[in-house]
């Protein structure tokens, strides 16, 4: 069965890659393909001499994530691993250029590159060059060739922050008979929730390999001394104005948020908006929405009259603005995306508003609502009502923010539990080649 599945996947690989490229060409994110020529070597299993030099002389731990969001999820995990006296060299691969750039900014990552296409020749080439001793997959990165060829080469394979979403589980279950031979090879799996653990076991992961440890993303939710947002607000002269920060937004959703902002601004004339799209390459589209709805705005660092809004068009700034917010909204939730990191503003003691589409953040949404620190709204009109109530009752907003922050503290600790569960895999050992 294993050989049959791999044969089919490898025959289909060129067509899958072509399909992904065509999808991007027809999407609003087609600008990402401008870097394609420089990416080809890494996609084909290559790695730069510079990266290899950084890994030389030490056991290499290969950690694979999807994108920038998953890089953030393993930030604290890798930091604690890197701090050990016997720490391995850490190579982090991602599926996206944005993820690679985010990984490159982490001091605990020795080298970062794009993951090879999941085919026999590309993954084999990558393993021959890097020669890692173990592979750690993050969240839902279940690639058959990657798993099969790694174990064939003697690597121990584990999974951290594992989850299977409501939307993806039916699809995985439909192909469970094909996945089972590969999922059985996972030695240790640290799952976010009990539901996720049960789904992984149903798909073929050995039940004794799975432990429910929580979500490591919560452990990096710490109030750090990033003053960039506060300094930018001072530059604009906004330090004394009420501030509504909306982060990780998507098309259509942005217009709904701007409309709600304008509605509340009829009551609160000096209210200011900070808007941070989920994908910075969409900043021009977000700017068009602001202009079309009559909102005067500035961009980061640009010496101009900001008017009512600031458009964040650079990655890495959002949390520093959440720290300054009176009320925050987390995107991907008014449209059917699934929601993003609802607890990031909560960690700063801010009340959090979000839409009904929170499949990717279900636990966080339920916890925020149950503790009184978060508010689900159905549309722009409901958002305006909730936002107006919080802004006109500062003591209520402050109390809701305190409850949200306390709840974040109760959810933390998954990183330590993950390190303990994955310990046999994380310990460097000799890789047996076959």
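The values are calculated or read from the model by the stated rules, or taken from the named source; none is laboratory data. Being a predicted model, the structure only gives us computed values, none of them experimental. In this analysis, Cβ positions are derived from the backbone assuming ideal geometry, glycine residues included, and neighbour counts consider all displayed protein chains.
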Legend entry - Those residues of the range 287-320 which are out of contact with any strand residue (DSSP E or B) (no Cβ under 8 Å at 6 or more places or on another chain), without any contact (Cβ under 8 Å) to a residue 40 or more places away in the chain and not in a helix (DSSP H, G or I), in sequence order: 293, 294, 302, 303, 314
Inset, instruction - Return the residue satisfying two criteria in turn: it lies in the range 393-412 and is at pLDDT below 95 and out of contact with any helix residue (DSSP H, G or I) (no Cβ under 6 Å at 6 or more places or on another chain), and of such residues it is surrounded by the most Cβ atoms within 10 Å (Cβ to Cβ). - result: 409
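Considering only the range 119-138, I want to know if a residue exists there that is within 17 Å of residue 178 (Cβ to Cβ) and over 21 Å from the mean Cα position of the chain (by Cα). Spell out the reasoning first.
Step one: of the range 119-138, the residues within 17 Å of residue 178 (Cβ to Cβ) are 119-120.
Of the ones still in play, those that are also over 21 Å from the mean Cα position of the chain (by Cα) are 119-120.
Checked the range 119-138: at least one residue is within 17 Å of residue 178 (Cβ to Cβ) and over 21 Å from the mean Cα position of the chain (by Cα).
From 263, 254, 308, grab the single residue that is crowded, with 19+ Cβ neighbours inside 10 Å, more than 21 Å from the chain's Cα centre (by Cα) and in the same structural domain as residue 328 (by TED's automatic domain parsing). Spell out how you get there, then give the answer.
On the way: 263 fails: crowded, with 19+ Cβ neighbours inside 10 Å; 254 fails: more than 21 Å from the chain's Cα centre (by Cα).
Among 263, 254, 308, only 308 is crowded, with 19+ Cβ neighbours inside 10 Å, more than 21 Å from the chain's Cα centre (by Cα) and in the same structural domain as residue 328 (by TED's automatic domain parsing).
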Legend entry - Some residue of the range 85-102 being crowded, with 20+ Cβ neighbours inside 10 Å and under 18 Å from residue 221 (Cα atoms): yes
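Quick check on this structure: which one of 226, 219 is over 30 Å from residue 309 (Cβ atoms) and modelled with pLDDT under 95? Steps first, please.
Values: 226 fails: over 30 Å from residue 309 (Cβ atoms).
It is 219.
Could you list, in sequence order, the residues of the range 339-363 that are in a loop (DSSP other than H, G, I, E, B) and either farther than 24 Å from residue 268 by Cα or in contact with a strand residue (DSSP E or B) (Cβ under 6 Å, 6 or more places away or on another chain) (or both)?
Pass one, the range 339-363, residues in a loop (DSSP other than H, G, I, E, B): 339-342, 347-351, 355-358.
Residues satisfying the conditions are 339, 340, 341, 342, 347, 350, 351, 356, 357, 358.
Closer than 28 Å to residue 410 by Cβ and touching a helix residue (DSSP H, G or I) at 6+ places or on another chain (Cβ under 7 Å): is that true of residue 197 in this structure? Write out each step before concluding.
Working: closer than 28 Å to residue 410 by Cβ: yes; touching a helix residue (DSSP H, G or I) at 6+ places or on another chain (Cβ under 7 Å): no.
Against the criterion (closer than 28 Å to residue 410 by Cβ and touching a helix residue (DSSP H, G or I) at 6+ places or on another chain (Cβ under 7 Å)), residue 197 does not qualify.
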Legend entry - Boolean, residue 418 is farther than 30 Å from residue 151 by Cα, outside any loop (DSSP other than H, G, I, E, B), modelled with pLDDT of 95 or more and touching a strand residue (DSSP E or B) at 6+ places or on another chain (Cβ under 8 Å): no
Inset, instruction - Kindly indicate whether any position in the range 87-102 is at pLDDT below 95 and over 17 Å from the mean Cα position of the chain (by Cα). - result: yes
Legend entry - Those residues of the range 364-385 which are in a helix (DSSP H, G or I) and crowded, with 19+ Cβ neighbours inside 10 Å, in sequence order: 364, 365, 367, 368, 380, 383, 384
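Kindly evaluate residue 393 against the criterion of being out of contact with any strand residue (DSSP E or B) (no Cβ under 9 Å at 6 or more places or on another chain) and free of Cβ contacts under 8 Å to residues at least 24 places away in the same chain.
Details: out of contact with any strand residue (DSSP E or B) (no Cβ under 9 Å at 6 or more places or on another chain): yes; free of Cβ contacts under 8 Å to residues at least 24 places away in the same chain: yes.
The answer is yes for residue 393.
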Legend entry - Residues (over 22 Å from residue 423 (Cβ atoms) and under 21 Å from the mean Cα position of the chain (by Cα)) located in the range 147-171: 164, 165, 166, 167, 168, 169
Inset, instruction - Return the total of residues in the range 178-223 being assigned to a helix (DSSP H, G or I) and either buried (at least 19 other Cβ atoms within 10 Å of the Cβ) or touching a residue at least 24 places away in the same chain (Cβ under 8 Å) (or both). - result: 18
Inset, instruction - Could you tell me whether the range 277-286 includes any residue that is buried (at least 18 other Cβ atoms within 10 Å of the Cβ), in a loop (DSSP other than H, G, I, E, B) and more than 24 Å from the chain's Cα centre (by Cα)? - result: no
